[in-house]
Structure formats: C-alpha cells, structure tokens
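Structure first, commentary second.
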Amino acid sequence: MRLLEYEAKELFRNFGIPVPNGAVVKSPAEIALAIERVGLPLVVKAQVPVGGRGKAGGIKLAYSFEEAVREAENLLYSSLKGHTVRYVLLEKQLKIAKEYYLGVTIDQSAGKPVVMLSTEGGMDVEEIAKKKPESLISKRVEMSRGFYEFEARGMCKQLGLEGSLLVKVSETLRKLYEVFIKYDAIIAEINPLAITENGEVFAADAKIEIDDDALFRQTSLNIKPEERVEDPLKAEAIKIGVTYVRLDGDIGVIGSGAGLTMATIDIINDFGGKASNFLETGGGITEQLMYNAVKLLVKDERLKALFINLYGGINPMVQAANGIAKAYRELKVTIPILVKLVGNEQEKAWEILENAGIPVIKSIRTEDAVERLMKIIEGF
Amino acid sequence: MGILVDENTKVVVQGITGRVGSIQAKLMLDYGTKIVAGVTPGKGGTFIHNVPVYDTVEEAVAKTGADTSILFVPAAFAKDAVIEAVDAGIKLIVAIPEHVPVHDTMRMIEYAKRRNVKIIGPTTPGVISPGKTKIGIMPASVFSEGSVGIVSRSGTLLYEIAGNLSLAGIGQSTCLGIGGDPVVGTSLTEVLQMFQEDDQTKAVVIVGEIGGVQEEEAAHFIKQMNKPVVAYIAGRSAPPGQRMGHAGAIILGERGTVESKINALREAGVKVANRPADIVGIVEDIIKK
C-alpha cells in the first residue's frame, strides 16, 4: 500500500528527516488558514498514490494568496491519473540548488534491502541507472547487521560529497533505512532530496510503500486498504480476502492461484474472448469465500459469462462447490457459469455443481474448458 | 533419485494439529510420506494420525531424526517457525504459508542460508517426487513418476502442467513450486542446478510468470545445461503496474514482462510453449529424439 506524500513526510518528520514546512487540506474551507500558516510562495500538490503527478498537472506553483487558493481549489476533488484528489498539500517553496536521489528498496534476487544514493535526483531511479549510472551507488544490506551511518558516509564520499553536506546526506540516508525497517516498507524514497542555496537539505518529495502483508502489525499507520482503492469491486475484494484486478472484457474469471488465473485469461484471449477481470482466491478456499467471490463478480453488469477454474489446495474442493452452488441459487444468476475443478474428492464436488444445474468440465486442460465456454457464449 | 526429497526424507510437520496441518498431514501420510513427527506447542505427548506430537522442533528432531520440515503456521509466525527449525538442525524447510511479510522472509532466508539450510517458499505448494514422497499440499492424483523435472513459480499452474504430462504418459522426477513472493528461499536457477545434477531428470519444464527477473537469470544458467528445457510463461494479457495475485507478479516499466522472459529463454535454447497444454507435445518430441 503506497502512502500519500504527506503521510510519508509525517513519518520522515518523526525520524528527524527534514521536510519542507507544509500543511495538508481536505476541504476548501481549510485552504486560507493553511496558506497563512505555511507562507508564500507555495507549491500546491495533489495527494494521489501514483508517480508522475507533475506531468499530469498535479503540482502547481503559487506566488500570491489568490493564486494559491485557486490552485488548491482546482486540485481538490479533481481526478488525477484515475484517483480522486482528497487531500492537497501546500508547501513552502524551496530555493533549490541541487537535487539528489535517496532510496531503500528490496533487491529480489539477493533477497536483501538495497540502499541507493545518486547526485542526479528528480528522475526515476531506473532512468538514473540508464542515463547517469556513474552517479548512482547502491549497497545491499544484511538485515541482521543493519545499515550504519559510516557506510552512508562512504557512499557520499564516493560521489564526491564533502563537509556538512556529506554529514547531512549520510544522516538522512541512514534515517531513511530506519523508516524502511520500522514500517515494513518495500520502497522508501526521497526523490528529490533538495539541497538549498544555503546548504540545507529537505525531502522535497516522499514515497513510501508498505508491504500489504505486514499491515496487520503496522497498526500505528491505521491504514484500511479497502478505503484506499477507487474501484468498488476492488474494495470489496480486499474485504473478502481475494485479489481482484479489473480488465476490459466481458468474461468473468475466478481462479485458484495467480499463475493459473493469468494463464486462464491468456487462453481466453487466444480463443477470441476477453476477460473482465482477474480474481484469484489464494490457497485457502472456503464455502463462504467462494460464495463471496461469485457474488462480487456477478455485480459487474459487463459480464456475459463466468468461468471458474480451481485446483484443490489447502481446503477440500467440496467446500468450493458448495459455495458456487449456493451463490448460483441464492443470487439467481442468469449468465452462464462453467466450472473446471480438480482435486481431492473432485467427484463429490462435481456432483454438487451438476445437481445445482451448473455445467462442469471434467478435463484437466484449461484449453478444453475455454473452448467449451466460448461455445456456450455463442449459443446464448 | 529426483531432487531435494525422496522416500527416505524424514518429515516434521510444524503446526500438525491445526485445521489445515492435520488435513494435509493425513494426505501426505496417505501418499507414503515419512512423517515422523509433528510440532504444536502445548500439545506435546499427544498423537495425531499415529504421529507423535512434540512441543518443540528441537525435541522432535532429537527423538525422531527428522531432517525436513513443512510449515502450516499462520504467516505472522512463519519467521519464528523457520528459525526454530534451523536451530533444531533441520536441513530443508518447506514454507507453505502465503502472505508472510517480506521483511520476515528476508530475515529468515538470511538466517537459514548462513547455516546452509534450504528454504522452499514461502507461498509454495511444496515438493513432490512422485512415487516416493510428497511434502506439500498438491493434489497427488495429477503427478506420476518419470523423468521430467518441473519447477514452477505458481502452484496451481504446476498441477495443470504436471496433470497434462501425466495424462500423456510422461512422468516426473521431482516437481516443486518455488513460491510466488518477490523474495523466495530457493531461486529458479538454484533448482535448475539441482536438476542438472540429477540422474533421474532427463528434461526440465519451467513454469514462469510475469514479474521479477528470475526467468532471465535462469536463462544464463540454461546456456550451460546439457539437458533440454521447456518453458511456459503466464501473464501475456496482464496489465502493467498491477499485482496479479502473487506479490511478485507485477510488470514494472520494462521489467517483468512476458516478452522479456520468453526472449531470454529462447535465446538460451529453451522451447517456449504458447499455452500450458502445448508443453506436452514439445516434451514428447524431445523424448522421441
């Protein structure tokens, strides 16, 4: 879950990472007071959890009170890159002399955090790596040992920093690693770290993404993921414990396991269909989860058929069959449903479905099932 | 032979008296897996499915000589369970839980690697050497004994492809899922290295998916392999920037796309199937040669 900039900056402030003076507003009534508190000139920043805000018109400069009010009012409640702007951050403009990049993320291959520093901030780290590789230093960290400030100083020195700037940047980098660890982050970035004309450093932007699987113990952040997604179906999916991604077709798909579900969607494409979604149940399918998953998808008016592709994992398949049959009956589903289901006691599960009037395909090949599905759709 | 596990592997089930642990322990016992012990704190001294239960892994290892552990504990306790198993002298840990915090995963892998303990997973369906042992949650019926090794990033897609091969009369040496998380204990490349050394394995099937660079890294190693490798990669129609179920299955910019993986694999001489069922024909052709 990606935090909004102002939330990330609050965490930075708690850890002693300097951030520009600023105030966040969530209604037009708060704007005037915020401007007075922060002082002109201002940067007016839409708070949405995606990158590329500047290019999309989400960051404005304001030099007068009226300008600041106008820009903040325009951004508030507007739609930016698919997200409604619910918060606007007003920040004091900085006199920036240089921009650096500081980041901590996960090196998947090494299975370790990696700390990165570049004297070429302001662009994506991928872009820095491509265009200015000599300006980028990274260091993998053994978590049991930790990341020390002398190592940060070493990185700064390698990039030619000296004096108080070397001290300030290395301190900030070490603190950023602390934030990364403390909040179960998968990314913690300061891009750019602004070096002002009089040698001060500020985190001009802040990006923190928290591991969704660790939110249960990051209670101080008080994040409810279902409240942070725009798509109501996605919000419901989070509540019932499945993964949902909206696609632009009309065939609903439920699968057990991410790989199988993706393959199913690929095969539907191959056979000339288009999936309306990716819905993956995870390993622990219960009757209730399956019922909820079907209920969620049949709400989608685009749907002209539903294909369910399951393998028995942690729980017996009979539970899944009961859930599907119950949903079919109680929700009076009118679109055709086709089920492919393999696992322990599959015969019992097939019988439950067939008794409920739901066609079952007994082949192990998803290709066979999709072929049949397309025929069913054509005949409808 | 097969890799990682065989009929002599002695297994301890951590979390054996839980709802899932007890069902899955029974299914493994039915398959013939040598489960010598279970562990549930507070249930020491009892039996389940005639398997003795201990309070600690240390005790279980001391009393039974278990060398491999399979975890059925909640994700929040996976790290604790792994470190307990490592300290008890377990050499292979099959980490079934999904949704383990990635910081925990990094810490437990670091701890285990330094002590030469292998972790498969997390988010793995486990490992099966058909006809010998099954240490995982996979449905046994789709696997059959033979000479094709399968390594997969996805669990259920592994079942589909193994099932297709079995129906065509092509058995498997060892099949495993390495787990769908961004950080896993054993990589695709490490599994290929094991298959390369294994006498029983004559050909290898890779089941990959979008996200990360494991397939690209594996392609480097495949160039040195003298066994044929076949692959299928899922996620051609996945939109970029969206996590497709597995935390690791995401296209970020140019990274992690199906094209990048297929190109790298093809360049290394791998035959890449367009659909899961097409694997069968490709493997049949290889075997006939």
Over 22 Å between alpha carbons, listed pairs B:Lys118/B:Lys202; A:Lys175/A:Lys207; A:Lys326/A:Lys348: B:Lys118/B:Lys202
FRET efficiency, 1/(1 + (r/R0)^6) with R0 51 Å, evaluated for B:Glu259 and A:Gln93 via beta carbons: 0.75
Shielding by partners - mean other protein chain Cβ count within 10 Å, residues of A:262-274: 5
Listed residue pairs exceeding 18 Å between alpha carbons, taken from A:Lys130/A:Lys157; A:Lys274/A:Lys304; A:Lys340/B:Lys271: A:Lys130/A:Lys157; A:Lys340/B:Lys271
Average partner coverage of B:158-166, which counts Cβ from other chains inside 10 Å: 5
Of the DSSP H helices in chain A, those whose Cα atoms cover at least 27 Å axially and whose Kyte score averages -1.0 or more: A:163-182
Long-range HN-HN contacts of B:His246 with modeled amide H, under 5 Å: A:Ala258
Over 29 Å (Cα to Cα) - which of A:Lys182/A:Lys239; A:Lys139/A:Lys234; A:Lys234/B:Lys26; A:Lys26/A:Lys92 fall in this group: A:Lys139/A:Lys234; A:Lys234/B:Lys26
Whole-angstrom Cα spans of the protein assembly as shown along principal axes, big to small: 75, 60, 54
Cut-off 14 Å between beta-carbons: net charge of the residues surrounding B:Lys202, Lys and Arg +1, Asp and Glu -1: -3
Within 10 Å of each Cβ in B:112-119, the average number of Cβ atoms from other chains: 0
Inter-centroid distance (Cα atoms) of the range A:107-132 relative to the range A:27-80, Å: 29 Å
Candidates per trypsin sites (Lys or Arg not before Pro) in the range A:191-292, loop by DSSP, up to 14 other Cβ within 10 Å: A:Lys274
Cleavage-rule hits (GluC sites (Glu not before Pro)) in the range A:244-343: DSSP loop, at most 12 neighbouring Cβ within 10 angstrom: A:Glu301
Proximal aspartates and glutamates relative to A:Lys9, as straight alpha-carbon distance under 15 Å, when same-chain residues fewer than 8 apart are discounted: A:Glu91, A:Glu178, A:Glu189, A:Asp205, A:Glu209
Calculated FRET efficiency for the pair A:Glu227/A:Asn355, C-beta based, R₀ 41 Å, to 0.05: 0.55
Order of A:Lys131, A:Lys139 under a 10 Å beta carbon neighbour criterion, fewest first: A:Lys131, A:Lys139
Semi-axis lengths (Å, descending) of the ellipsoid that matches the C-alpha gyration tensor of the range B:30-187: 26, 20, 13
DSSP beta bridges in the range B:100-181 [antiparallel fraction, %, rounded to 5]: 55 percent
Cα-based reach from B:Lys261 at 20 Å (exclusive), listing aspartates and glutamates while leaving out same-chain residues under 8 positions away: A:Asp107, A:Glu126, A:Asp266, A:Asp270, B:Asp181, B:Glu190, B:Glu209, B:Glu215, B:Glu216, B:Glu217, B:Asp278
Gain upon complete extension [B:Gln224, B:Glu110; 0.36 nm per residue less C-alpha separation]: 38.3 nm
Other-chain or far-sequence residues with amide H under 5 Å of A:Gly312's (modelled H): A:Val342, A:Gly343, A:Asn344
Local electrostatic count, A:Glu151, Cβ distance below 13 Å [Lys/Arg +1, Asp/Glu -1]: +3
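No value in this document is a laboratory result; all are computed from the given coordinates. All values derive from a computational prediction rather than experimental measurement. Methodologically, a virtual Cβ is constructed for each residue, glycine included, from the backbone with ideal geometry; neighbour enumeration extends over all protein chains shown.
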